[in-house]
1. Karplus couplings for the stretch 191-204 from phi (6.51 cos²θ - 1.76 cosθ + 1.60, θ = phi - 60°), rounded to Hz, Gly and Pro as x?
2. Provide the per residue accessible area, probe 1.4 Å, for the stretch 69-173, rounded to a whole number of square angstrom.
3. Quick one: 3J(HN,Hα) in Hz for the stretch 176-186, Karplus 6.51/-1.76/1.60 with θ = phi - 60°, rounded, Gly and Pro as x.
4. Add +1 for every Lys or Arg and -1 for every Asp or Glu among the other residues with Cβ under 9 Å from the Cβ of ILE108, and state the total.
5. For the chain, what is the mean residue ellipticity at 222 nm derived from helices alone (per DSSP H run of n ≥ 4: -39500 (n - 2.57); sum divided by total residues; nearest 500 deg cm²/dmol)?
6. Assuming a viscosity of 0.692 mPa s and a temperature of 37 °C, what translational diffusion coefficient in µm² per second does Stokes-Einstein assign to the stretch 148-208, Rh being the Kirkwood radius over Cα pairs?
7. Can you work out ³J(HN,Hα) from phi for every residue in the stretch 134-147, in order, using Karplus 6.51 cos²θ - 1.76 cosθ + 1.60 and θ = phi - 60°, giving whole Hz and x for Gly and Pro?
8. Quick one, what does Rg over Rh come out to for the stretch 3-209 if you take C-alpha atoms and the Kirkwood Rh?
Amino acid sequence: MSIQENYQSIKNQLPEGVQLVAVSKTHPAPAIQEVYDLGQKVFGENKVQELMEKSPILPQDIQWHLIGHLQTNKVKYIAPFIDTIQSVDSEKLLADINKEAGKNNRTIKVLLQVKIAAEDTKFGLEISEAKNLFQEYREGKFPNVEITGLMGMATFTDDEEQVKKEFLTLKGLFDELNQLKTIKTLSMGMSDDFPLAIECGANSVRVGSAIFGRRDYSK
Ligand SMILES: *Cc1c(COP(=O)(O)O)cnc(C)c1O
């Protein structure tokens with residue numbers, strides 16, 4: 001299927017109110033432009049350098065989301081324009097984003113990335129750490145960031161029950177924090193598991209290969 005067909009097919013599978021973040025990592029600017037021309041405005045990249053190469057040559061009203069691990073020393077490069085940083089996985093990183101946002105006279109939206117997968121290869125905050133950070137945020141410690149929600153990645157497995165359990169864990173935390181202060185976004189689900197994620201309460205999904213095709217890392 002073409003990129004257009006893929007995109008329409010994904011859009012047709014998303015209930016109203018579920019945001020699509022089109023994950024364009026490793027794909028060239030013309031492919032992104034193609035999806036943009038179909039009406040997509042929100043794109044996700046996982047590497048700062050790649051984002052810095054692509055963003056200047058693409059439409060300026062694209063809302064870029066950073067979805068990959070972010071080193072604190074790279075925050076300054078994206079702080080002027082990034083829409084949302086989905087991958088906040090430490091207090092240090094949140095503090096640095098807050099600082100750089102302040103320097104740019106703006107507020108940067110962030111999601112707390114929570115570790116829900118059984119495998120320990122993935123970045124993310126423990127649930128207790130996420131709660132603590134959210135508490136500090138509510139107390140006004142990070143005035144130049146807005147925590148708009150949570151992001152999580154499930155274990156890479158065919159075991160649907162396992163994945164579902166992990167998604168529901170994050171939904172539980174989302175509901176808990178949302179009682180304390182309204183947050184909007186629950187970002188979970190990728191090409192292979194987004195329908196299940198939505199069933200479990202996701203209202204934002206990050207879909208890459210099901211739109212753009214397989215990623216070729218050899219290039
Ligand atoms: C690459 C990536 C995705 C998209 O993965 P696909 O399987 O291609 O849909 C989603 N979230 C994160 C954090 C990613 O790194």
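The values are calculated or read from the model by the stated rules, or taken from the named source; none is laboratory data. A quick note: this is a predicted structure, and the numbers were derived from the prediction, not measured. Positions of Cβ are generated from backbone atoms using ideal geometry, with glycine treated the same way; all protein chains shown enter the neighbour counts. For the accessible areas, the whole protein counts, side chains as well, though only heavy atoms, and no ligand, DNA or RNA atoms are used. Shrake-Rupley method; radii C 1.70, N 1.55, O 1.52, S 1.80 Å.
1. So the Karplus estimates, Gly and Pro as x, are 3, 7, 10, 5, x, 5, 4, 5, 4, 8, x, 4, 10, 8 Hz.
2. Roughly 48 Å² per residue, with all protein chains present.
3. Karplus values, whole Hz, x for Gly and Pro: 5, 5, 5, 5, 7, 7, 4, 10, 10, 10, 10.
4. After counting each charged neighbour, the total is -1.
5. Value at 222 nm, helices only: -11500 deg cm²/dmol.
6. Estimated via Stokes-Einstein, D reaches 287 µm²/s.
7. Couplings: 5, 4, 4, 4, 5, 7, x, 6, 10, x, 9, 10, 10, 7 Hz.
8. 0.95
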